[in-house]
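Okay, so here's the structure we're looking at.
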Amino acid sequence: MTNYYLPRGMRCTKLEERRDFYVQQFDLGRVADWISKTRGRIVYAVIIGRHTGIYPEKYKEDANTTVIIDEYRDLSDLRDQTVEFLPEAVYYDRNVYDNKGRKKGQELAFDLDPENITCPIHGNLADKMKRGQGLGFCKLELEKIEEQVVDLYEHLEGQFSKIQVVYSGRGFHIHIFDPEAYSFDERKRTEIARSVKEHGFAIDEWVTAGEMRLIRLPYSLNGLVSRIVLPLAKKELEKFDPVHDKRCIPDFLDRQKVTS
Ligand SMILES: [Zn+2]
């Protein structure tokens, strides 16, 4: 397992802790609220152990793959399946499908990750990749990315009105729920991604352009850093500190009284 450099207090989640979270703390009511904003039937996905190297022995073969969960009765069934896999990450598919499973649109989203920030200490993404630290990040990079989220939010307010920020565990996602954004074609999405990038924002173009269509499920656990994926109001952004904010610290860490 790779040891990523992370802000103090963040670390990979152990299997029994993933179980503790999904059995005790995973808030299905809030997940239901979230998915009520989206459209159509949701397809979920989990990654069991690709980045952490931590997985139940019986899923060794599938640890690196993306396991699609498209058959589930309801959210409590989704939880049961999650407890079975004990994944490092839970996602949903932003594509909107009709009853026959044909794609009829996609939720527009922006992904801002701290590894895309050039850091005076850790360098740029290429430097970090060379050291096998493509997923590591430091507090400085996290602070920079938070500033960018506020700026990008304001930039997007000119064009959209239903904007929701989510703390993803490492960085932030901005989801757009304006109805017309669902029907943007590939060209339009690519155009938006390029324009945002040209404005200097450290986004992952693949997510906005639509090629990478999975996005972390809010209120799930990011097992790389042991933080809960958390939607945030814009006014909370400037003061939000994911290292210490109780709302994103899972109970299993809180019980161990993680200090700064
Ligand atoms: Zn750094």
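The values are calculated or read from the model by the stated rules, or taken from the named source; none is laboratory data. Just so we're clear, the structure is a prediction, and the values are computed from it rather than from any experiment. Neighbour counts run over all protein chains shown; Cβ positions are idealised from the backbone, glycine included. Surface areas here come from the heavy atoms of the whole protein model, side chains and all, with no ligands, DNA or RNA. Shrake-Rupley method; radii C 1.70, N 1.55, O 1.52, S 1.80 Å.
With respect to VAL225, determine if the residue is under 15 Å from GLU107 (Cα atoms) and open to solvent by less than 10 Å² (accessible area, probe 1.4 Å).
No: the conditions fail for VAL225.
Would it be correct to say that ARG39 is touching a strand residue (DSSP E or B) at 6+ places or on another chain (Cβ under 6 Å) and more than 16 Å from the ligand (Cβ to nearest atom)?
yes
Within the range 201-222, track down each residue that is closer than 25 Å to ALA32 by Cβ and open to solvent by less than 10 Å² (accessible area, probe 1.4 Å).
VAL207, ILE215, LEU217, PRO218, SER220, LEU221, ASN222
Between a residue in the range 133-149 that is buried (at least 21 other Cβ atoms within 10 Å of the Cβ) and any residue that is basic (Lys, Arg), which pairs come within a Cβ distance under 8 Å, given they are 6 or more apart or on different chains?
Short answer, once both residue conditions are applied: PHE137/ARG170.
Hey, could you check the range 1-22 for residues that are open to solvent by 80 Å² or more (accessible area, probe 1.4 Å) and not charged (D, E, K, R) and say which is modelled with the highest pLDDT?
Looking at the filtered set, the residue picked out is ASN3.
Filter the range 126-136 down to the residues that are within 11 Å of the ligand (Cβ to nearest atom) and not in a loop (DSSP other than H, G, I, E, B), then identify the one that is nearest to the chain's Cα centre (by Cα).
Applying the filter and picking the extreme gives LYS128.
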